[in-house]
Amino acid sequence: MSSKKKKLLAAVLAAWLSGPAAAACDDPSSFFGGVCKRLGDTWNQGQSELLLPLHSHHLRFAYTREKIDSFEENSWGLGYGRSRFDDEGNWHSLYAMGFRDSHAKFEPALGYAYQWMWGERAGLHAGLGYTVVVTARSDIGHYVPLPGVLPIASVKYRGSGVNMAYVPGGKGNGNVLFFWGSVGF
């Protein structure tokens, strides 16, 4: 299937799925209603964040030395997010960022993140959770959208922090720790 056909198929599928999901948002007792409320609360009540992609560390056991040497592990980029703490002290975020991937090509990412948090919000706190993300890469389907769910962790002090996502994989792919900074404003 050609790249144009794949993109068209993805757009048609997204449009088709959005109709029932949008209708279900009106019912707060439904699964989609709860998701819509969580996303809406995060966007409307959240604090703005500047996101700074920093580094992509390829776990050395999964790659040859030659492959490691070919990677660009500085993931410079920029992003924007909205985040909030819920009544239980857990963290929600909606975000979009763009950064340089391991092959020095542009990679966008758009998603929702959730973390169970420990520690004082006004001081040092840490979290573990997940992100539901859609990204696209030049070397996988020439930027066909790729959905995924990844584990994440963070250490934060007040409104700033260092965050990490783990991209699983096998021998010669994945197995990446992706680090980014966040600064609330």
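Every read-out reported here was derived from the displayed coordinates using simple, explicitly stated rules and does not represent laboratory data. Remember, predicted model here, so these are calculated numbers, not experimental data. No Cβ is skipped: glycine too gets one built from the backbone with ideal geometry, and neighbour counts run over all protein chains shown.
Pick out, from Gly159, Val134, Pro53, the residue whose Cα sits farthest towards the positive end of the charge dipole of segment 48-184, with +1 on the Cβ of Lys and Arg and -1 on the Cβ of Asp and Glu.
Positive-most Cα among the choices belongs to Pro53.
So how strong a dipole does the chain carry about its Cα centre when Lys and Arg Cβ are +1 and Asp and Glu Cβ are -1, to the nearest 20 debye?
520
Using a cut-off of 13 Å between alpha-carbon atoms, which aspartates and glutamates can reach Lys4, once sequence neighbours fewer than 8 places away in the same chain are excluded?
The qualifying aspartates and glutamates are none; the list is empty.
So what are segment 48-184's ellipsoid semi-axes, whole angstrom, largest first, if each one is the square root of 5 times an eigenvalue of the alpha-carbon gyration tensor?
Equivalent-ellipsoid dimensions as semi-axes: 27, 16, 13 Å.
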